[in-house]
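Colleague: Okay, here's the structure, questions in a sec.
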Amino acid sequence: MLIEEIPKGSNVNSSTIYFTSSINLSARSIKQNDDGESIKKNRTKVNYNLTSLMNAQTNINQNDSINNGQLKSSQQIQLERLVSKRLSELDSTTKSFELPKNFQYTSIHSTGGGGNDKSSSKKSRLGNTPSTKKILAAKRNLNSYFEEERNLISINTILGLNYQFVDFTDLNKNKNKNKRRKIERIRPKLRLCCICGNKSNYTRCSLCGLYYCSVKCNNLHRESRCT
Amino acid sequence: MSKQHLVIDNGSYNIKAGFNTGEESKPIKVPNIISKTKDGHIHIGNQYEKHTNNYSQIQFKSPFEQGHLTSWETEKPIWDYTFDLTSKKEIDPSSTHLILTETPFQLPQLSINTDQIVFEEYGFNEYYRCAPASLVPFSIDSSVINFDFNLIIDSGHNFTWIIPVIYQNIYWAGVKKLPIGGKVLNNLLKEFVNFRHYDISDDPILVNTIKESTCFMADDFNQTLKKKLNNGCEFILPDFKITTTGFVKTTETIPPDAQVLKLYDERFIVPETFYHPEILFDNNSTTSSNQLVQSAPFKNLIDLIKESIYACPEITRPLLSANICLVGGTTNILNFQPRLLSELQKELPSNWKVRIFDNYNDIPKDEMQWYGGINLSNEDVLKDITISKKEYFEHGSNWCQKQFGFKNIT
Ligand SMILES: [Zn+2]
Ligand SMILES: [Zn+2]
C-alpha cells in the first residue's frame, strides 16, 4: 500500500496509528507538487528509518498542537517504550554467543567416507544462489530488518500487536472525547508485596515504587532490594 | 522417487518435523537452538543432552528474535540436523512437498528470506507456508469440535496468540497477541527465585524444569494466596549424584545434604500474569516507579479473547466461544483450562455456550499444529494453495510472499 493511501478516516484503531503523523507529514510535502511524476520520484527516494520516524513523531507531538485524534500522545509513546523495554528484558535468555564463521552441520549421510573432500558433499556448500548466500551470511538483527521495511502499514500492524494489551484509552481521552469507548468495568490491579508476596494495601516505597505490605517488609526492602 | 510430504512446525522452542507416513506419522522434536556448554563445545538442537548433564553456564544462540525468524545462519544447521533425524536416508527435497509454519505477522522480508531458502537453498519441489494456528482445525476430532469455527489460543515460548479461524482461514482482524509465553514466565520465576532464594540465572534449563514441575494456575487467586502455606512444595536441586535435573520432593526419603528450594506463592503468582499482566511491571523498579506504567490499565487474557471474538462477524461469535482450542506448550500449566473456562463464562453472554478443549486423544498440545499439517497434506485443497518451484522461479519471491503473507489490517 502506498503512503498516500493510508486511511485518514475516523475508524483508525490504536494499533494502526503508530507512524501516522510522520506519514502525513511526508505525504504532505510530497503532495504539494501535485504532479504524478514527481510523487513517483520522491517515493522511491524516501528512506523510512524506524528510529528517525519515532523521534520525528515524538518531536511533533511535543511541539505541535495538532489535535486531530490520530496522533499518539507523547505519553503513549513513553508508555510503549517502557513496556517494550521491560518485555524485552523478560524475553532475553542467558548470554548469547556468536557462531564460528561458516558454522554448519555435516550430515550423517554425506558421502566421502571420512575423507575431508568438502566439494563432494552437497551439504557443505553454503549459499546456492546469490540471494541465499546473502541470507546465510547476513548476521543481522530484527531492528535492521524493521528499519529496512518500506511498508509502514506492515510495521504499524506488527509493532502494534505488542501493545494490544495496554489500554491507552485514558491517555488519549482528551483527544478523542467523542470517540471514547465506554469502559465496561475497571478491574482492580493486583498489588503484591515485593518482599513476602502478600497483598499490599497499595503502599509503595517512596524511593523506588515497589509495593510492600507492612513496616517489617518495608524495612527489609530498604535493606535488600531498594535501588 | 515418489512424492513425499514433509511437515515442519518451526516453533521458536521446538521444531516439530516429520514425513507423512500414514497412520504411523509422528513428529520428531528438536530444540530450535544452538548451544555452547561451559567447556566451549557447540551443540545443535538436543545434542547438548548427550554431551553433559551439567547445564550451568550454558549459552544459547536462537534463530529467532522476538518470535521473528531472523537468523538463517543459525536455523540452517538446525534444519540440516533435524532432517537427518526425520529420515533414515538423505532427504530429497526435489521430490518433496513442504508444509511449513511461521509466526503470524512475520515481517515480510523475513518471510521472503524463508521462501528463498526453501526453494533456492534446499530446492523443495512444492511448498505451502502458513501460521501454525490455521492447521489446528485439521487435527481436531470433528465429531466433538466444530472445525469450521475455532478460536485457537496458542500459548507458546514467546507469546500467546488468540486466533479466530473461520472455515479453516485465519480471520486476521480478530487476531490478538498477549506478549506472555513460556519464556517470560521463566524469566519472571527466575527473578523471584534469585531474590528470595538462590541465584539460578546461569541455568535456564533448570529454571524451565522448576516452572514445569511446580507452577500452577490458581482456581481463585485470592483464596490461594491466603492459604499459600498450604500450597508449598519442595524442589530438590540437582546435585549430580541422585538427580541431574532436580525434582519435586514427594516422600521423606531425601538425602540430608540435598539442597532444597521451598516454593510457595511463586508457584501461582507467576502464571497469574495471564490475568494480571501488571505483575510483570510491579516486580521491577524501573516500571514500578513510573507513574504512567502504574496507572495504565492492562488487558488480560480474557479481555483480549473477548476483543478477538467481538472483532469477528456477529453470527460467528457464539460458534467461536463454543469451539475454543488450547494449543502450545504453555497451556500445559496445571489447571490452565479450568481457570480460563470459569473466567470466560463470567464474561461472555450467558446464553452462549463456552467450551474450551485441551484434550485431543493423546496428541500433545504442542503437536496439534504438526498433525494438522499432516492431515492437510492428505486433502485435495492442498494443490490449490501450494506453490511449486517452477512457479517460484517464474514469478519471484515477492509474488510468493503475496500468496502466503498476511493481509495488512487497516
Ligand atoms: Zn510483605
Ligand atoms: Zn525502595
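The values are calculated or read from the model by the stated rules, or taken from the named source; none is laboratory data. All values reported here derive from a predicted model rather than from experimental measurement. When we count neighbours, we look across all protein chains shown, and the Cβ atoms used for this are built from the backbone with ideal geometry, even at glycine.
Colleague: Could you list, in sequence order, the residues of segment B:154-182 that are within 14 Å of chain A (Cβ to nearest Cβ), outside any helix (DSSP H, G or I) and aliphatic (A, V, I, L, M)?
Modeller: Within segment B:154-182, the subset within 14 Å of chain A (Cβ to nearest Cβ) is B:154-163, B:170, B:172-182.
This time we only want the ones that are outside any helix (DSSP H, G or I), so: B:154-163, B:170, B:175-181.
Across segment B:154-182, the qualifying residues are B:ILE162, B:ILE163, B:ILE170, B:VAL175, B:LEU178, B:ILE180.
Colleague: Right, next: Looking at B:VAL270, B:VAL207, B:VAL260, B:VAL184 in this structure, which one is in contact (Cβ under 8 Å) with a residue 12 or more places away in the chain and in contact with a strand residue (DSSP E or B) (Cβ under 7 Å, 6 or more places away or on another chain)? Walk me through it before giving the result.
Modeller: Numbers: B:VAL270 fails: in contact with a strand residue (DSSP E or B) (Cβ under 7 Å, 6 or more places away or on another chain); B:VAL207 fails: in contact with a strand residue (DSSP E or B) (Cβ under 7 Å, 6 or more places away or on another chain); B:VAL184 fails: in contact with a strand residue (DSSP E or B) (Cβ under 7 Å, 6 or more places away or on another chain).
From the options B:VAL270, B:VAL207, B:VAL260, B:VAL184, the qualifying one is B:VAL260.
Colleague: I'd like to verify a number: residues in segment A:172-221 that are within 14 Å of ligand 2 (Cβ to nearest atom), surrounded by fewer than 17 Cβ atoms within 10 Å (Cβ to Cβ) and at pLDDT below 90, how many?
Modeller: Count: 3.
Colleague: Can you give me the number of residues within segment A:209-227 that are more than 9 Å from ligand 1 (Cβ to nearest atom) and either among the aliphatic types (A, V, I, L, M) or under 32 Å from the mean Cα position of the chain (by Cα) (or both)? Before the answer, list the steps.
Modeller: Keep residues of segment A:209-227 that are more than 9 Å from ligand 1 (Cβ to nearest atom), which gives A:209-210, A:215, A:219, A:222-227.
Then keep just the ones that are either among the aliphatic types (A, V, I, L, M) or under 32 Å from the mean Cα position of the chain (by Cα) (or both); that gives A:209-210, A:215, A:225-227.
Total satisfying the criteria: 6.
Colleague: Oh, and also: Among residues belonging to segment A:193-208 that are in contact with a His (Cβ under 9 Å, 6 or more places away or on another chain) and within 16 Å of B:VAL293 (Cα to Cα), point out the one that is farthest from ligand 1 (Cβ to nearest atom). Give the steps one after another, and end with the answer.
Modeller: Step one: of segment A:193-208, the residues in contact with a His (Cβ under 9 Å, 6 or more places away or on another chain) are A:193-195, A:205, A:208.
From what is left, the residues that are within 16 Å of B:VAL293 (Cα to Cα) are A:205, A:208.
Details: A:CYS205: 12, A:CYS208: 15 Å.
Among those residues, the one meeting the criterion is A:CYS208.
Colleague: Follow-up. Where residues in segment B:243-257 are surrounded by 12 or more Cβ atoms within 10 Å (Cβ to Cβ) and in contact (Cβ under 8 Å) with a residue 12 or more places away in the chain, which of them is farthest from A:CYS213 (Cα to Cα)?
Modeller: Quick first cut of segment B:243-257, residues surrounded by 12 or more Cβ atoms within 10 Å (Cβ to Cβ) only: B:243-249, B:254.
With the extra rule that they be in contact (Cβ under 8 Å) with a residue 12 or more places away in the chain, the set shrinks to B:244-249, B:254.
Values: B:THR244: 38, B:THR245: 35, B:GLY246: 33, B:PHE247: 32, B:VAL248: 30, B:LYS249: 31, B:ILE254: 35 Å.
Here the answer is B:THR244.
Colleague: Any idea which of (1) in a helix (DSSP H, G or I); (2) at pLDDT below 90; (3) facing chain B (nearest Cβ under 9 Å) is the one A:SER131 doesn't satisfy?
Modeller: (2)
Colleague: Let me ask something else about it. Looking only at segment B:263-312, how many residues end up being of a type in the set (Asp, Glu) and within 16 Å of ligand 1 (Cβ to nearest atom)? Can you show your working first?
Modeller: Here is the first cut: in segment B:263-312, the residues of a type in the set (Asp, Glu) are B:265-266, B:272, B:278, B:282, B:303, B:307.
Retained after the next criterion (residues that are within 16 Å of ligand 1 (Cβ to nearest atom)): B:265-266, B:282.
Total meeting the criteria: 3.
Colleague: Return the residues of segment B:247-270 that are among the aromatic types (Phe, Trp, Tyr) and within 14 Å of chain A (Cβ to nearest Cβ); say none if nothing qualifies. Talk me through it step by step, then tell me what you get.
Modeller: Filtering segment B:247-270 down to residues among the aromatic types (Phe, Trp, Tyr) leaves B:247, B:264, B:268.
Scanning segment B:247-270 gives B:TYR264, B:PHE268.
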